[in-house]
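Please read the structure below before turning to the comments.
The values are calculated or read from the model by the stated rules, or taken from the named source; none is laboratory data. Since the structure is predicted, the reported quantities are computational estimates derived from the model, not experimental observations. Using ideal geometry, Cβ is built from the backbone for each residue, glycine included, and neighbour counts are taken over all protein chains shown.
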Amino acid sequence: MNILLTGASGFIGSHLLRTLTAAGHRIFAGVRHPENSDDIACDFRRDHNEDIWLPRLANIDVVINAVGIIRQTRSQRFDALHRDAPIALFRAAEKSGVKRVIQISALGADESAHSHYHLSKRAADEVLASLDIGWTILRPSIVYGAGAKSTALFRAMAVLPITPLVAGGQQQIQPIDVDDLCRVVLQAVEGDALNHQHLDLVGPEPVTLHDYLTAQRRWLDGGALRTLAIPYPLSLRLAAVGGFLGTTPVDREAVEMLQRGNTADVTPLIESCGFTPRRLDEALRTTPASDADRWHARLYFLAPLLRITLALLWIFTAITSAFLYPVEQSVALLQQVGIGKTIAPYFLYGAAALDLALGMALLLRYCITAVALSQVAVILGYTIIITFALPEFWLHPYGPVSKNIPLIIATLMMVQMERR
């Protein structure tokens with residue numbers, strides 16, 4: 001079959017791409033930046049008119065929508081990605097004579113939904129179910145496997161020396177292996193048994209978040225899990241701060257959804273698809289952790305901390321230069337490098353303003369690569385000037401110049417760790 005797979009570059013989409021291709025289907029990957037001849041350029045942030053989708057659906061038999069985000073950013077919004085673009089796509093599919101649409105929704109996107117995340121998913125589900133077209137709506141719980149952002153977060157939490165857990169981590173979750181999700185989608189593509197069905201995709205049994213993290217830590221050879229229970233109200237405040245700073249894929253709404261729980265009856269899945277999903281311990285046992293898995297888990301939280309501390313260093317330097325350090329001493333230093341006393345204050349406050357701008361941009365994750373490379377250029381510029389004009393600073397006991405070398409390396413490491 002000819003299949004349009006949106007979100008093909010994401011975690012679930014990339015696994016579906018491999019599974020469906022291996023089954024002999026021709027996949028047209030809906031991605032923002034096409035790389036192959038069968039890729040179709042689409043942007044769920046803007047493609048909210050069904051007329052935009054009609055030309056893309058020529059000769060398409062099945063549409064699979066695997067686009068999804070767990071938290072909003074300035075450029076990616078729930079309503080645009082989960083509701084507006086999918087609805088336009090589904091209506092265009094009905095007009096184009098597409099045989100079936102498979103929607104990857106989310107467990108909890110039902111009548112009891114109250115979070116913005118679930119409500120946006122549910123809105124698209126309801127429109128799809130009302131159309132005169134074959135459809136299957138799959139509502140997975142937490143999906144784990146190689147490349148999953150949620151898996152990366154949980155593994156990072158699991159290897160912390162002390163793992164903070166909302167209310168002790170007693171929330172019930174029912175994670176499903178991505179390979180089992182792909183098996184269900186393949187059945188929905190190739191047969192009629194799942195047509196016009198809402199199906200919850202969950203693991204064989206619920207587990208607490210605490211037990212899930214224990215299993216992940218054991219998989220990473222981390223020893224016993226040591227936890228610190230965080231009261232639910234405090235967890236909401238901390239998540240709000242972390243979400244604003246972009247330090248984790250978790251924000252206040254994600255904590256609220258976790259507290260609600262994420263479970264369902266697995267029986268309909270077993271009866272409809274003819275197999276029992278794998279248990280978490282079985283999946284982990286058959287895929288031993290690599291050094292890359294351990295490195296990623298251990299650096300997961302250090303990466304944003306490195307960015308934040310570097311940003312604060314530049315901001316503090318700007319404030320110190322402009323307001324705290326004696327101006328006459330700063331002017332005297334500038335004179336030693338050949339800057340006249342008259343224009344020295346302009347250089348002083350100009351440099352402070354530049355440091356502040358670069359620090360704030362880094363803190364807010366604005367054009368990180370460009371900002372970081374600008375910082376490296378500024379540091380190198382300062383270092384070269386001081387080397388020729390004030391070489392004795394290289395021998396200063398506090399190392400004001402020699403410290404620039406590890407600072408440059410740390411900045412370059414930050415760029416690589418922040419790449420998406």
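Any residue at all in segment 29-44 that is surrounded by 21 or more Cβ atoms within 10 Å (Cβ to Cβ) and assigned to a loop (DSSP other than H, G, I, E, B)?
Yes, because at least one residue in segment 29-44 is surrounded by 21 or more Cβ atoms within 10 Å (Cβ to Cβ) and assigned to a loop (DSSP other than H, G, I, E, B).
Take segment 2-17 and flag every residue that is touching a residue at least 60 places away in the same chain (Cβ under 8 Å) and over 16 Å from R56 (Cβ atoms).
Listed by number, the residues that qualify are F11, I12, S14, H15, L16.
Do any helices (runs of 4 or more DSSP H) entirely within segment 286-336 hold 1 or more residues that are closer than 27 Å to K149 by Cα, and if so, which?
Correct list: 291-299, 302-319.
Looking at (1) more than 28 Å from the chain's Cα centre (by Cα); (2) surrounded by fewer than 21 Cβ atoms within 10 Å (Cβ to Cβ); (3) not small (G, A, S), which is the only condition R100 fails?
(2)
Could you grab me the full set of residues in segment 340-350 that are surrounded by fewer than 15 Cβ atoms within 10 Å (Cβ to Cβ) and in a helix (DSSP H, G or I)?
P345, Y346, G350
Which of the residues that make up segment 18-42 are without any contact (Cβ under 8 Å) to a residue 12 or more places away in the chain and in contact with a Lys or Arg (Cβ under 9 Å, 6 or more places away or on another chain)?
A41
Can you name the number of the only condition in (1) at pLDDT below 90; (2) of a type outside the set (D, E); (3) surrounded by 12 or more Cβ atoms within 10 Å (Cβ to Cβ) that Y398 fails?
(3)
Report yes if I70 is β-branched (V, I, T), in a loop (DSSP other than H, G, I, E, B) and closer than 25 Å to V178 by Cα, otherwise no. Full working, then the answer.
Numbers: β-branched (V, I, T): yes; in a loop (DSSP other than H, G, I, E, B): yes; closer than 25 Å to V178 by Cα: yes.
In short, yes.
Could you tell me whether L225 is touching a His at 6+ places or on another chain (Cβ under 9 Å) and of a type in the set (A, V, I, L, M)? I'd like the intermediate steps shown before the answer.
Numbers: touching a His at 6+ places or on another chain (Cβ under 9 Å): yes; of a type in the set (A, V, I, L, M): yes.
It is true that L225 is touching a His at 6+ places or on another chain (Cβ under 9 Å) and of a type in the set (A, V, I, L, M).
Residues to consider are D110, D61; find the one that is modelled with pLDDT under 95 and among the acidic types (D, E).
One residue alone meets the criteria, D110.
Return a yes/no flag: does segment 65-87 have any residue that is more than 28 Å from V255 (Cα to Cα) and touching a residue at least 40 places away in the same chain (Cβ under 8 Å).
No, there is no match, as no residue in segment 65-87 is more than 28 Å from V255 (Cα to Cα) and touching a residue at least 40 places away in the same chain (Cβ under 8 Å).
Anything in segment 113-153 that is within 15 Å of the chain's Cα centre (by Cα) and within 26 Å of V98 (Cα to Cα)? List them, or say none.
Across segment 113-153, there are no qualifying residues.
Would you confirm whether or not segment 254-267 contains a residue that is at pLDDT 90 or above and assigned to a helix (DSSP H, G or I)?
There is at least one residue in segment 254-267 that is at pLDDT 90 or above and assigned to a helix (DSSP H, G or I).
Which one is nearest to R307 (Cα to Cα) among residues in segment 387-413 that are among the small types (G, A, S) and either outside any helix (DSSP H, G or I) or in contact with a Leu (Cβ under 7 Å, 6 or more places away or on another chain) (or both)?
Here the answer is A410.
Kindly indicate whether A353 is under 19 Å from Y325 (Cα atoms) and surrounded by fewer than 15 Cβ atoms within 10 Å (Cβ to Cβ).
Spelling it out, A353 is indeed under 19 Å from Y325 (Cα atoms) and surrounded by fewer than 15 Cβ atoms within 10 Å (Cβ to Cβ).
Right, V178: of a type in the set (A, V, I, L, M), touching a strand residue (DSSP E or B) at 6+ places or on another chain (Cβ under 6 Å) and modelled with pLDDT of 95 or more or not?
Spelling it out, V178 is indeed of a type in the set (A, V, I, L, M), touching a strand residue (DSSP E or B) at 6+ places or on another chain (Cβ under 6 Å) and modelled with pLDDT of 95 or more.
Which condition number does L299 fail, the rest of (1) within 31 Å of the chain's Cα centre (by Cα); (2) at pLDDT 95 or above; (3) under 30 Å from G203 (Cβ atoms) being met?
(2)
Restricting attention to segment 283-328, and to residues there that are touching a Leu at 6+ places or on another chain (Cβ under 8 Å) and of a type in the set (K, R), which single residue is farthest from L160 (Cα to Cα)?
R307
Given the conditions (1) part of a helix (DSSP H, G or I); (2) modelled with pLDDT under 95, report the number of the one that H82 does not fulfil.
The one condition H82 does not meet is (2).
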